[in-house]
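Student: One structure, pasted below without further comment.
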Amino acid sequence: MNLIEHYDGLYNDAIQKIRTDDYQTDDLIDACDDDRRGITLVIRPQLQVRNNIQNFLADLKAIEPGQYYYPNSDIHITLMSVISCYNGFDLSQISIPEYVEVIRKSLIHGKPVSIEFKGITASPSCIMVQGFMSNDILNDIRDQLRINFRNSGLQQTIDQRYSIKTAHATVIRFRKQFRRKENFLKALENYRNFDFGQFSVNNIELVYNDWYQRKDNLKKIYKFSLE
């Protein structure tokens, strides 16, 4: 996949839809009874990179305070959604050691992996920071996860929504109608190629999470080392 072309395509399509009010708002972000839960393998960018993202979010929040902005604690890259969030899922329904073993078997320890966060892209429902991987190891791990989970017989929903191949981080979700849309879009353009920083991927977390990876609803299950 040519990531630059992929991110550019997403951005251009999304901006056109936002301009024509064809964007999507999420009515469940503030729902107290949202009990969608799942388990996910996530990568956490280092603190300085997340702080750089917060500066970007502060600029956008000053223009459109009604949207949903990810706090530092929740910013992540999804390596793989093992069980996508659905109503009523609970950890008591699965054998955690079996999941940990399948994941451990799927890990590839090779060349060091780093991710560069540079520029932003968008969808009709959110804004994302663009991630560029230094090599193919993370996607090789994803392929091994696909194979090993399908052969395991364990509950999983890998690739049911879409096949993940990138290293982006969702940082803004639309939850209200835009009030200052043109100003918001102009501010986005200022960060289109902004360098948020680079970081090494030393470990991957398996977490029990809600749809938004909010810290208050998250439980860390296991941390895997790539070193």
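Student: Given +1 on the Cβ of Lys and Arg, -1 on the Cβ of Asp and Glu, and no further charges, what dipole in debye does the chain carry about its Cα centre, rounded to the nearest 20?
Tutor: 240 debye
Student: While we're looking at this one, here's another question. Between Ala169 and residues 5 or more places away or on another chain, which pairs have amide H atoms under 5 Å apart, with H built 1.01 Å from N, and which residues are they?
Tutor: For Ala169, the qualifying residues are Val129, Gly131.
Student: Which net charge results when you count Lys and Arg as +1 and Asp and Glu as -1 among the other residues whose beta-carbon is under 14 Å from that of Pro97?
Tutor: With Lys, Arg at +1 and Asp, Glu at -1, the net is 0.
Student: Can you sort Met1, Met128 by how many other beta carbons sit within 10 Å, fewest first?
Tutor: Exposure proxy ranking, most exposed first: Met1, Met128.
Student: What is the angle, in °, between the Cα long axis of helix 47-63 and the longest principal axis of the Cα atoms in the chain? Nearest 10 is fine, range 0 to 90.
Tutor: 40 degrees
Student: Further question on the same structure: Near the amide H of Leu79, under 5 Å away, which other amide H atoms are found, from residues 5 or more places off or on another chain, if H is placed in the peptide plane?
Tutor: Leu41, Val42, Ile43
Student: Just going by the charge dipole of the chain, with Lys and Arg at +1 and Asp and Glu at -1 on Cβ, which of Tyr70, Gly9, Cys32 is farthest out on the positive end?
Tutor: Result: Tyr70.
Student: So which residue, out of Pro45, Pro112, Pro124, gets the largest mean-square fluctuation from a GNM of the chain using Cα contacts under 10 Å as springs?
Tutor: Pro112
Student: A follow-up question, please. Measure nothing fancy, just the Cα-based angle from helix 3-19's long axis to the longest principal axis of the chain, in degrees from 0 to 90, nearest 10.
Tutor: On a 0 to 90 degree scale, this one is about 50.
Student: Of Gly110, Ser81, Phe174, which is farthest on the positive side of the dipole of the chain, counting Cα position, with +1 on Lys and Arg Cβ, -1 on Asp and Glu Cβ, and the Cα centre as origin?
Tutor: Of the options given, the answer is Gly110.
Student: Please label the shape of the range 73-227 as rounded, prolate or oblate, based on the square roots a ≥ b ≥ c of the eigenvalues of the alpha-carbon gyration tensor (a/c under 1.5 means rounded; beyond that, a/b larger than b/c means prolate, else oblate).
Tutor: Cα axes put the range 73-227 in the oblate bin.
Student: Using the Karplus curve 6.51 cos²θ - 1.76 cosθ + 1.60 with θ = phi - 60°, what ³J(HN,Hα) values do you get for each residue of the range 199-213, in whole Hz, with x for Gly and Pro?
Tutor: Those phi angles translate into 8, 8, 9, 9, 8, 10, 9, 9, 10, 9, 9, 8, 4, 9, 6 Hz.
Student: Sorting Glu101, Glu64 on the 10 Å Cβ count, fewest up front, what's the list?
Tutor: Final ranking by Cβ density, sparse to dense: Glu101, Glu64.
Student: Sort Val100, Val129, Val201 by Cβ crowding within 10 Å, fewest neighbours at the top.
Tutor: Val100, Val201, Val129
Student: Are any of the pairs Lys118/Lys186; Lys165/Lys223; Lys118/Lys220 more than 24 Å apart by Cα-Cα distance, and if so, which?
Tutor: Long pairs (Cα-Cα over 24 Å): Lys118/Lys220.
Student: State whether the range 94-183 is rounded, prolate or oblate according to the following rule on the C-alpha gyration tensor (a ≥ b ≥ c being the square roots of its eigenvalues): a/c under 1.5 gives rounded; otherwise a/b larger than b/c gives prolate, and the remaining case gives oblate.
Tutor: Oblate shape, in that a/c is at least 1.5 and b/c is the bigger or equal ratio.
Student: List, in order, the whole-Hz ³J(HN,Hα) value for each residue of the range 214-225 obtained from phi through the Karplus relation with A = 6.51, B = -1.76, C = 1.60 and θ = phi - 60°; use x for Gly and Pro.
Tutor: With the stated coefficients, the range 214-225 comes to 6, 4, 5, 10, 10, 10, 6, 9, 7, 10, 9, 8 Hz.
Student: Another question about this same structure. With N residues in the range 29-127, what two-decimal value do you get for its Cα radius of gyration over 2.2 N^0.38 Å?
Tutor: Normalised Cα radius of gyration, the range 29-127: 1.34.
Quick note: the coordinates plus some simple rules give every number you see, no bench work behind them. A quick note: this is a predicted structure, and the numbers were derived from the prediction, not measured. Ideal geometry is used to build each Cβ from the backbone, glycine not excepted, and the neighbour counts take in all protein chains shown.
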